[in-house]
Structures are given as structure tokens and as C-alpha cells.
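Have a look at the structure below, then the notes.
The numbers here are math on the coordinates, done by the rules we state, and not lab data. Quantities reported herein were computed from a predicted structural model and do not represent experimental measurements. Cβ atoms come from the backbone with ideal geometry, glycine included; neighbour counts cover every protein chain shown.
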Amino acid sequence: MAAIVAMAAAGCTKYIPFYRDGGNTENSSRPGGGQGGGGQQGGETVSLKERTDWSINYQGRADFKEDDGSVSRVESFQLNYTGNNLFIIRVFTDEDFKTYYGSDVKALIEGEIKDLNTIAQNDNIEFAKLNNLFDNGVKTLYTDIMLHGKYNAFIIEVTSAGKATYNYCRTSIEVVQEAATPAYSSWLGVWNISDKYVGYDIEVTALENNYLYRVDGWETGNAAGSVQMNQDDDWIEARFMNFDGSLSFFIQFLASYENYENLGDVDYMFVGTYVESTGEKVDDYEGWEVAWATKDEDGNVVLNGGNTEFTVNGVTYKPHYNTMRYSLYSYKENGWVHFHDALPTFTEANGWKVPMVRTKGVIEEDRTPVHTKNYLRRTQPKVHVEKKERSSE
């Protein structure tokens with residue numbers, strides 16, 4: 001599923017950053033999504049109304065100029081909604097629509113609107129003020145790059161009070177993958193990231209040509225020991241930055257699990273960790289870029305540690321991340337839990353850099369997911385990751 005969350009509006013246009021709701025794009029889950037109810041609202045039987053006078057048309061990829069003047073590559077949609085309420089956009093593959101909602105449009109509508117009401121309640125804001133609602137003034141929609149494939153795009157109408165009208169439209173779309181550029185392909189393969197004390201072999205494979213990679217191997221293998229998540233979510237995305245050709249590793253939400261071992265409900269994330277002046281390590285889930293890999297003229301590659309930014313009592317701090325890692329946030333324990341601390345470290349002494357070397361051959365260890373338990377995922381993360389991206393200027 002491609003879940004769409006509105007972030008900014010300009011006139012009749014909206015730009016929606018890519019947001020992975022419920023896990024990695026290829027293996028995200030929405031448990032219980034099809035349990036939306038039996039078509040009852042307020043004690044009355046309701047019926048679906050497919051509106052042929054509404055439409056959501058995929059226009060392909062386009063350039064989008066950000067407020068800071070930089071240009072991003074985006075997916076472009078044209079919308080035609082003639083109602084007088086609010087609406088949301090949801091995009092699913094056939095497989096995901098069947099998996100999450102049993103291919104039932106009514107269950108989709110009720111499940112998605114129930115999620116939105118839960119978010120409004122948890123955030124203590126009016127439903128109509130949620131930032132992922134649209135009105136009839138929005139005619140153009142932009143999202144971050146979607147993975148190639150065939151999708152079903154839905155417009156789902158909802159009142160400002162958060163009630164379903166059961167009016168909707170549905171359109172089939174296809175996102176076509178581009179041919180990979182040499183610069184994008186140059187990061188594919190197996191790389192060793194090591195600070196001379198501990199290191200990992202990561203495997204970078206194509207997820208969406210010229211935009212996204214799948215990265216396996218971080219915190220796995222001999223250096224990691226035996227304690228691992230052992231779930232389908234043991235991989236992260238990385239992004240190809242077209243403006244400078246770098247490989248970017250960013251903070252990302254992976255999944256939520258209910259009743260995970262003795263930790264209760266947990267959020268599973270990939271975070272950046274920095275050290276406060278007191279020596280305390282802080283796991284940052286609100287920044288964006290943890291690190292990025294670059295090549296010099298001689299072909300040497302380094303992983304550059306990023307930094308976060310926050311303000312306390314009017315003073316702005318920009319600490320460097322000293323590492324990146326998988327973390328579980330336990331709502332029962334009200335804190336972070338890690339699998340281990342054996343991680344390559346960025347330090348001031350080495351210029352906040354760690355060598356990154358391409359290795360020969362392929363990784364020999366088995367990366368087949370091992371399900372130790374059938375943990376139940378929640379629909380939405382409790383923490384929304386804020387994007388703070390490096391500028392192209």
C-alpha cells in the first residue's frame with residue numbers, strides 16, 4: 001500500500017511525501033483492516049456509491065519545485081472531486097487490497113476512516129484539521145516516488161465530523177520503472193562498513209531504479225551475535241540522491257507489533273543515535289538522514305555521519321549521530337530497546353566518517369526471514385517521522 005499524508009498546500013496543488021504506513025513498502029501489513037464493520041453507521045444500513053463523475057488520474061513522474069528552490073522528482077496525479085465534503089486518497093496493489101481488506105471497498109472505507117479518527121483522538125485535534133484530508137479545491141496531487149507496479153487508487157469521501165459517506169471512486173493505475181542510470185547502478189552490490197572495531201557487510205539491491213534501494217545485512221552476521229529481530233522487516237530502504245550521486249540512509253518506521261515478547265506493544269524503527277553532553281545516548285526518530293555515502297575522485301568511499309537539530313529554551317543544538325541502528329520502542333517500558341551495541345561508530349576524531357569498501361562475491365549467510373512468533377501488527381505507527389532532508393543547493 002502507498003499511504004498518502006498531506007504536508008503542504010499551495011493553491012490547488014498538494015505535495016505528499018512518501019510515507020510507509022505499517023512497514024517496508026514491499027511487506028507492509030495492516031492487520032484487521034477488513035474488520036471495519038458490517039455496513040452500519042449510526043444504526044442505519046448504508047450502501048456504497050461509486051461516483052463515475054469523480055476521478056483520480058495518474059500523470060506519471062514530474063519535477064516539483066520545493067519552497068527552498070530545490071527540485072524533487074515526484075509522482076503526479078490529477079483529481080476531479082465535485083462533492084462538498086472532504087476526501088482521502090488511498091492507493092493499493094490488488095494483492096494488498098485483498099490481503100488487508102479482502103478486496104472489500106466498504107471495509108476499506110470504514111477501516112481507513114476509523115484509523116483517521118483514532119489519530120485525531122490520540123493527537124487531540126479536530127478531525128477536519130488532520131493534514132491528510134483534501135477538499136474540492138485540490139486538483140493536482142504530488143507524491144514521492146512510488147514503486148513500479150499496478151495499483152488501485154481510491155478517492156474516499158468523508159464528512160468534516162469524520163463520518164463515512166460511502167461515496168468513492170476507484171481507478172486502476174500503473175507506475176512504470178525507469179531504466180537504471182550508471183550512477184544509480186554504481187551503488188548496487190556488497191559493501192563492508194567498518195570502523196576497524198566492528199563492521200557489517202550490507203547488500204544493496206534495486207528497489208526502484210534511480211530512486212530507492214533495499215539494504216540487507218545491517219546488524220546481521222557474526223558481528224551482530226545471535227540477537228536479531230528475525231522478521232520480514234529486517235531490511236531498510238536507502239535513497240539515491242540525484243543531485244550529488246550519494247547513497248542516503250535515513251530514519252524510518254518499519255512496523256508496529258502488539259505483545260512483542262515481554263515488551264508489550266512496540267514500534268520497530270531504524271534510528272540515528274547521538275550522545276548528549278551528559279554522556280547519555282539518545283535515539284532520534286524525528287530527524288531524517290542518519291548518514292550518506294560518497295565517493296572521491298580516486299574511487300574511495302566513506303559513510304558520512306549526519307546530524308540532527310533541535311531547540312531547547314531558545315538554544316538550537318545540532319549534534320552529530322554517532323551511529324545508526326535498529327530500535328524497538330516499548331510502550332510498556334516507555335523506552336528504547338536495542339538488539340546489541342556492536343555497531344560502527346562515527347567519531348569526531350575520524351571526521352564523523354566510516355570507511356565503506358565494496359567486497360567481492362555475495363554474502364553467504366542466509367537472510368531468509370525467520371518468524372519466531374506471529375506478532376500482530378497495528379495499523380498505524382504511534383510516532384510519525386519528520387523529514388529533514390539535505391538540500392540539493
**Request:** Might you report the magnitude of the Cβ-based charge dipole of the range 182-358 about its Cα centre, with Lys and Arg at +1 and Asp and Glu at -1, to the nearest 20 debye?
**Result:** 420 debye
**All aspartates and glutamates inside 13 Å of LYS332 as judged from Cα atoms, apart from same-chain residues fewer than 8 positions distant** = GLU258, GLU261, ASP265, ASP267
**Prompt:** Could you give the semi-axes, largest first, of the ellipsoid that matches the range 140-266, computed as the square roots of 5 times the alpha carbon gyration tensor eigenvalues and rounded to whole Å?
**Reply:** 34, 25, 12
**Separation between Cα centres of the range 172-190 and the range 291-321, rounded to whole Å** = 26 Å
**Fill in**
Taking a crude spin-label model, label points 7 Å out from Cα along the C-beta direction, the ASN313 to ARG51 distance in nm is 5.3 nm
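Which FRET efficiency value, to the nearest 0.05, do you get for GLU174 and TYR331 by plugging their Cβ-Cβ distance into 1/(1 + (r/R0)^6) with R0 = 45 Å? Working shown, then result.
Values: r = 39 Å, r/R0 = 0.87.
So, using R0 = 45 Å, E works out to roughly 0.70.
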**Message:** What distance in nm lies between label points placed 7 Å from Cα along the C-beta direction at VAL71 and THR278?
**Reply:** 4.8 nm
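Reported to two decimal places, what Rg/Rh ratio describes the range 182-358 when computed on Cα atoms with Rh from the Kirkwood expression?
Ratio of gyration radius to Kirkwood radius for the range 182-358: 0.96.
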**Item:** Evaluated over the range 48-204, the Cα radius of gyration and Dmax, each in Å
**Value:** 19.7, 63
**Prompt:** Going down the table (LYS98/LYS139; LYS129/LYS318; LYS65/LYS150; LYS49/LYS150; LYS65/LYS139; LYS281/LYS318), which pairs top 21 Å between alpha carbons?
**Reply:** LYS98/LYS139; LYS129/LYS318; LYS65/LYS150; LYS49/LYS150
